[in-house]
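Here is the structure we will look at.
The values are calculated or read from the model by the stated rules, or taken from the named source; none is laboratory data. The shown structure was predicted, so the numbers you read here are calculated from the model rather than taken from an experiment. Cβ atoms come from the backbone with ideal geometry, glycine included; neighbour counts cover every protein chain shown.
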């Protein structure tokens with residue numbers, strides 16, 4: 001997942017999965033209605049009852065069949081035409097659900113981390129999807145495969161490459177995935193009637209993302225939701241702050257579910273299902289009904305957010321990339337997935353993403369849940 005988070009989706013993806021905790025009928029409908037992909041069939045799985053879910057937010061100005069979004073819509077969303085949008089996964093969030101109902105962790109993967117993409121060498125991690133998708137699309141075109149079948153097959157190649165790259169980089173299996181397209185943040189915020197977010201300072205990025213927001217707690221919907229999670233220009237830490245925006249949006253979605261009775265609102269559940277049908281793709285093995293207990297725990301706040309560490313910024317192939325220490329990154333992940341008993345002499349465990357919270361109603365938002373304040 002507009003997402004575990006697109007980007008981050010990320011945020012839409014998690015919200016769609018979380019909605020399965022509402023009505024039994026909705027869960028059954030979601031099981032059959034949300035588009036599926038077989039890319040994880042036969043893949044290595046987690047052991048001991050743990051589950052890892054990779055949320056991919058796809059930054060493409062095309063729908064799931066490969067059709068360019070209408071110019072009027074791309075202008076409204078402030079994202080530009082299909083000709084400038086590739087197939088980068090600008091949101092990547094790995095959700096780890098430990099066995100036994102322990103607190104889940106969500107790890108944001110900065111999109112510009114410079115890593116080995118199997119078959120393509122060192123690239124930005126966000127580019128794995130696009131390289132593989134383009135190669136497969138070119139091959140299928142020569143074979144005479146027509147649209148939309150060619151788009152579906154080529155995107156599966158992109159998904160497989162993105163999943164393999166993340167799995168290799170972090171040295172963890174990926175059990176499930178949820179992919180959300182660019183419209184997802186917009187559609188999700190609309191379906192939920194707005195999401196609460198909080199900014200430390202006012203921002204004005206009218207030239208790029210279109211984000212123009214005051215400081216403090218506020219409710220965003222539709223176009224503003226997409227602008228909120230896409231902004232990186234004018235932020236102190238650039239893309240890393242955009243990652244925190246995605247985490248904040250997801251927190252806002254979870255808070256909405258927990259505090260406003262979304263599970264009991266048939267109209268909103270139906271609207272969310274419609275969003276999922278056109279904006280989301282999940283793996284064929286994802287048991288939506290079986291995910292209910294975890295979904296309910298997540299909406300109860302049983303999750304902490306983290307961001308992978310980077311070593312700095314360098315230039316590679318005329319591009320600014322995030323330099324990463326693979327050994328350090330893998331240890332960071334393993335320390336979160338397999339926390340050890342406290343040892344005064346041990347290396348401190350990773351800390352959650354540092355954020356402030358809206359200081360309203362005794363530290364709570366007007367909806368009754370904590371809302372993170374971000375740059």
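Of the residues in segment 176-204, how many are part of a strand (DSSP E or B) and farther than 24 Å from residue 65 by Cα?
7
For segment 71-165, which fully contained strands (runs of 3 or more DSSP E) count at least 3 residues that are at pLDDT below 95, in contact with a strand residue (DSSP E or B) (Cβ under 9 Å, 6 or more places away or on another chain) and surrounded by 14 or more Cβ atoms within 10 Å (Cβ to Cβ)?
Result: 88-97, 104-108.
Looking at (1) at pLDDT below 85; (2) surrounded by 15 or more Cβ atoms within 10 Å (Cβ to Cβ); (3) at positive phi; (4) more than 20 Å from the chain's Cα centre (by Cα), which one does residue 66 not meet, given that it meets all the others?
In the conditions (1) at pLDDT below 85; (2) surrounded by 15 or more Cβ atoms within 10 Å (Cβ to Cβ); (3) at positive phi; (4) more than 20 Å from the chain's Cα centre (by Cα), residue 66 misses (1) alone.
Looking only at segment 318-333, how many residues end up being surrounded by fewer than 14 Cβ atoms within 10 Å (Cβ to Cβ) and in a helix (DSSP H, G or I)?
Here the count works out to 2.
Return the residues of segment 205-233 that are assigned to a loop (DSSP other than H, G, I, E, B) and surrounded by fewer than 17 Cβ atoms within 10 Å (Cβ to Cβ); say none if nothing qualifies.
Passing the criteria: 206, 207, 208, 214, 215, 221, 233.
Output the residues belonging to segment 295-311 that are modelled with pLDDT of 85 or more, in a loop (DSSP other than H, G, I, E, B) and under 21 Å from the mean Cα position of the chain (by Cα).
Listed by number, the residues that qualify are 308, 309, 310.
Name the single residue that is nearest to residue 186 (Cα to Cα) among those in segment 274-285 being out of contact with any strand residue (DSSP E or B) (no Cβ under 7 Å at 6 or more places or on another chain) and surrounded by 19 or more Cβ atoms within 10 Å (Cβ to Cβ).
Here the answer is 275.
Yes/no per residue for (1) surrounded by 18 or more Cβ atoms within 10 Å (Cβ to Cβ); (2) at pLDDT below 80; (3) more than 17 Å from the chain's Cα centre (by Cα); (4) in a loop (DSSP other than H, G, I, E, B):
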site	(1), (2), (3), (4)
252	yes, no, no, no
270	no, yes, yes, no
293	no, yes, yes, no
313	no, no, yes, no
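Could you grab me the full set of residues in segment 113-129 that are over 11 Å from residue 161 (Cβ atoms) and in contact with a helix residue (DSSP H, G or I) (Cβ under 6 Å, 6 or more places away or on another chain)?
113, 115
Take residue 351 and tell me if it is at pLDDT below 75, within 18 Å of residue 94 (Cβ to Cβ) and surrounded by fewer than 13 Cβ atoms within 10 Å (Cβ to Cβ).
Against the criterion (at pLDDT below 75, within 18 Å of residue 94 (Cβ to Cβ) and surrounded by fewer than 13 Cβ atoms within 10 Å (Cβ to Cβ)), residue 351 qualifies.
Which of the numbered conditions does residue 258 fail, given that it passes all the others? Conditions: (1) part of a helix (DSSP H, G or I); (2) in contact with a strand residue (DSSP E or B) (Cβ under 8 Å, 6 or more places away or on another chain); (3) surrounded by fewer than 24 Cβ atoms within 10 Å (Cβ to Cβ).
Failing condition for residue 258: (2).
Residues of segment 175-204 being surrounded by fewer than 23 Cβ atoms within 10 Å (Cβ to Cβ), closer than 24 Å to residue 310 by Cβ and in contact with a strand residue (DSSP E or B) (Cβ under 7 Å, 6 or more places away or on another chain), which ones?
Of everything in segment 175-204, those that are surrounded by fewer than 23 Cβ atoms within 10 Å (Cβ to Cβ), closer than 24 Å to residue 310 by Cβ and in contact with a strand residue (DSSP E or B) (Cβ under 7 Å, 6 or more places away or on another chain) turn out to be 199, 200, 203.
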